[in-house]
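The values are calculated or read from the model by the stated rules, or taken from the named source; none is laboratory data. Everything numeric in this text was worked out from a predicted model, so none of it was measured. Positions of Cβ are backbone-derived with ideal geometry, glycine not excepted, and every protein chain shown enters the neighbour counts. Quick note on the areas: whole protein, heavy atoms, side chains included, nothing else; ligands and nucleic acids left out. Shrake-Rupley method; radii C 1.70, N 1.55, O 1.52, S 1.80 Å.
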Amino acid sequence: MNATRFLSSTTFRLAIWYVGLFSVSVIVLFAFIYWSTARYMSTQSAAAIETEIQALAERYERGGIPGLRRLIMERVRRQQPTGGTIYLLSDPAYQPIAGNISRWPDGKKDSHWLTFDLEVKGSTSSTVHTARARVVLLRSGFHLLVGRDIE
């Protein structure tokens, strides 16, 4: 059978058409799954941050800044070294009081959310991860940042 005749046959063209259609379908399906999963993870992360803020706000209402500071320090101590939750309580001038990051982060602010680079120190080297946090201004002018490593 002649190769030119085979390549121009209806059967070959139909097979190529089906392979192309199948490939596009698989790409669309995987894209949908990826974006659905990413959106779900983002929603879950935001819900966890909001729940954490509610617990911290209740402690602030009962115990003021000293009670909030103790609760943050307790949660930082219980967290794994590579834990994903970020805490920072700072004074009105953004000087750290308690938390597991050393300074108020610079980043892109979107409403009450802040996205920033977080340096994660390992045993031999450090890497930079993306973090997303909720910023809360407390009544006394203090600032509370609660977030997660979203890398």
Residue list for the range 92-102, filter: in contact (Cβ under 8 Å) with a residue 12 or more places away in the chain and within 25 Å of Lys121 (Cβ to Cβ) = Tyr94, Ile97, Ala98, Gly99, Asn100, Ile101
When the range 100-114 is checked residue by residue, the ones that are small (Gly, Ala, Ser) and part of a strand (DSSP E or B) are Gly107
For the range 64-114, enumerate the residues that are open to solvent by 40 Å² or more (accessible area, probe 1.4 Å) and aromatic (Phe, Trp, Tyr).
-> Tyr94, Trp104
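Taking the range 115-151 as the search range and keeping residues that are free of Cβ contacts under 8 Å to residues at least 12 places away in the same chain and not in a strand (DSSP E or B), which one is least open to solvent (accessible area, probe 1.4 Å)? Even if it seems obvious, please write down each step before you answer.
If we filter the range 115-151 for residues that are free of Cβ contacts under 8 Å to residues at least 12 places away in the same chain, which is where we start, we get 119, 121-128, 137, 139.
From what is left, the residues that are not in a strand (DSSP E or B) are 122-125, 139.
Working: Gly122: 49, Ser123: 125, Thr124: 131, Ser125: 72, Arg139: 183 Å².
Filtering first and then ranking leaves Gly122.
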Say we look at the range 8-36 and pick out the residues that are at pLDDT 95 or above and among the polar types (S, T, N, Q); which of these is nearest to Glu151 (Cα to Cα)?
-> Ser36
Tell me, please, whether a residue that is among the aliphatic types (A, V, I, L, M), in contact (Cβ under 8 Å) with a residue 60 or more places away in the chain and assigned to a helix (DSSP H, G or I) can be found in the range 64-81.
-> yes
Taking the range 8-37 and keeping only residues that are open to solvent by 100 Å² or more (accessible area, probe 1.4 Å) and hydrophobic (A, V, I, L, M, F, W, C), one is left with Trp17, Phe22, Ile27, Phe30, Phe32, Trp35
With (1) over 18 Å from Arg148 (Cβ atoms); (2) in a loop (DSSP other than H, G, I, E, B) as the list, and Ile97 as the residue in question, which single condition is left unmet?
-> (2)
